[in-house]
Amino acid sequence: MEATKAKRGIILMNLGSPDSTSTKDVRKYLAEFLMDEKVIDIPYLVRLLLVRGIIVPFRAPKSAEAYRTIWWKEGSPLIQLTKQLQIAVQAKMVEPVEIAMRYGNPSPKYAYDKLIKENPSIEEVILMPLYPHFAMSSYETAVDYMKEVHQKNGYQFTLKTIKPYYNNPDYIHAFAEHIRPYLQQDYDHILFSYHGIPERHLKKSDPTKQHCLQMQDCCSVDSVAHETCYRHQCLMTTKLTAEALQLPANKYSYSFQSRLGRDPWLKPYTDFRLKDMPNEGIKKLLVICPAFVSDCLETLEEIAIRGKEDFIHAGGETYEMIPCLNTDPLWVAAVSKWVSNEL
């Protein structure tokens, strides 16, 4: 099929990254990210004062230094890994595959325009958010932004979105098999560390407004709220992966990382657990970050570097972060299958 005759296209969407490790570029990226009302969900003027007046000036230099510790010569690891995934999926597809970032570059408009320029007759675009779990500050804001840009620019093609796949058998199989080789070594425990979110986000995303964090053991009680409950979906990914790997109950646990501010976030906190585990007899630790499918600052710096320092300093002996799925062949096959099914 000639590219110009393609009727459908695919966009893989990830979080995003600064254009460089300069403080200026990091400041710009953080401002865009943190000014998103689905990330920091407070009134605009208060958010503006907090983000641009306090958080960004304070965090930008520190974040820039953190990015420098994990930056590749080709650029941002997250961007480069997403491009590698694009190439791998494209090799299995006739339809054109592009990438877009929720924040930074390449932007959704850039991805849309590139598809149209190279495929003028395009009629439908399949959006594949690279977020396994639903959260208003990740999956929801990404999808909503793609829809907003689509509508604002009057594109004539239709937009179809792939739903969260936290419990999809193809995803669980790829994830479990990706982890399996690391379990051949001597280890005491494997920690599933998910990106955290404020507890209030769960309540806001709960369509019933009376289930999430409102009743005992809410994640185990069937409810329509689970369709948009990040915590439930994280726990299900952990449970299904542990079952696939036949992990004993005492050999794995979950936690939540990357919290910001003083409001209560989902617990237990990863940084606390890493410091406590050696005192509990866990000396040899494996860590995996299922909320991310591409390695990024939160995995390569926060977990692989700072997390290891915390664990070893607390008395741990060995520590290894298992990479994200990135371009694992089973993951590439799963993504290709899902978008093909939608097409």
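The values are calculated or read from the model by the stated rules, or taken from the named source; none is laboratory data. All of these numbers come straight from a predicted model, not from anything done at the bench. Virtual Cβ from ideal backbone geometry, glycine too; neighbours counted across all protein chains shown.
Only one residue in 8, 27 is among the charged types (D, E, K, R), without any contact (Cβ under 8 Å) to a residue 40 or more places away in the chain and under 28 Å from residue 133 (Cα atoms). Which one?
27
If I filter the stretch 294-304 for residues that are within 24 Å of residue 20 (Cα to Cα), of a type in the set (S, T, N, Q), surrounded by fewer than 22 Cβ atoms within 10 Å (Cβ to Cβ) and touching a residue at least 40 places away in the same chain (Cβ under 8 Å), do I get at least one hit?
Checked against the condition, which is being within 24 Å of residue 20 (Cα to Cα), of a type in the set (S, T, N, Q), surrounded by fewer than 22 Cβ atoms within 10 Å (Cβ to Cβ) and touching a residue at least 40 places away in the same chain (Cβ under 8 Å), the stretch 294-304 yields no hits at all.
Would you confirm whether or not the stretch 230-249 contains a residue that is without any contact (Cβ under 8 Å) to a residue 24 or more places away in the chain, within 27 Å of residue 173 (Cβ to Cβ) and touching a strand residue (DSSP E or B) at 6+ places or on another chain (Cβ under 9 Å)?
Yes, that holds for at least one residue.
For the stretch 78-190, which fully contained helices (runs of 4 or more DSSP H) count at least 3 residues that are surrounded by fewer than 21 Cβ atoms within 10 Å (Cβ to Cβ) and in the same structural domain as residue 241 (by TED's automatic domain parsing)?
Filter on the stretch 78-190 gives 169-179.
Please state which one of 244, 334, 304, 291 is hydrophobic (A, V, I, L, M, F, W, C), within 30 Å of residue 160 (Cα to Cα) and assigned to a helix (DSSP H, G or I).
334
Within the stretch 251-280, which residues are farther than 24 Å from residue 171 by Cα and assigned to a helix (DSSP H, G or I)?
271, 272, 273, 274, 275, 276, 277, 278, 279, 280
Tell me which residues, restricted to the stretch 87-133, are of a type in the set (S, T, N, Q) and closer than 30 Å to residue 229 by Cα.
105, 107
Would you check which residues across the stretch 107-127 are within 30 Å of residue 200 (Cβ to Cβ) and either touching a Phe, Trp or Tyr at 6+ places or on another chain (Cβ under 7 Å) or of a type in the set (Lys, Arg) (or both) and list them?
Across the stretch 107-127, the qualifying residue is only 108.
Considering only the stretch 221-235, I want to know if a residue exists there that is in the same structural domain as residue 288 (by TED's automatic domain parsing), out of contact with any helix residue (DSSP H, G or I) (no Cβ under 9 Å at 6 or more places or on another chain), surrounded by fewer than 18 Cβ atoms within 10 Å (Cβ to Cβ) and more than 17 Å from residue 134 (Cβ to Cβ).
Yes, some residue in the stretch 221-235 is in the same structural domain as residue 288 (by TED's automatic domain parsing), out of contact with any helix residue (DSSP H, G or I) (no Cβ under 9 Å at 6 or more places or on another chain), surrounded by fewer than 18 Cβ atoms within 10 Å (Cβ to Cβ) and more than 17 Å from residue 134 (Cβ to Cβ).
Given the options 67, 110, name the one that is of a type in the set (Ser, Thr, Tyr) and within 20 Å of the chain's Cα centre (by Cα).
After applying the criteria, what remains is 67.
Looking only at the stretch 197-217, filter to residues that are part of a loop (DSSP other than H, G, I, E, B) and crowded, with 23+ Cβ neighbours inside 10 Å; which one of those is farthest from the chain's Cα centre (by Cα)?
The residue in question is 212.
I'd like to know if the stretch 182-190 contains one or more residues that are under 23 Å from residue 325 (Cβ atoms), in contact with a strand residue (DSSP E or B) (Cβ under 9 Å, 6 or more places away or on another chain), of a type outside the set (Gly, Ala, Ser) and modelled with pLDDT under 95.
Yes, the stretch 182-190 contains a residue that is under 23 Å from residue 325 (Cβ atoms), in contact with a strand residue (DSSP E or B) (Cβ under 9 Å, 6 or more places away or on another chain), of a type outside the set (Gly, Ala, Ser) and modelled with pLDDT under 95.
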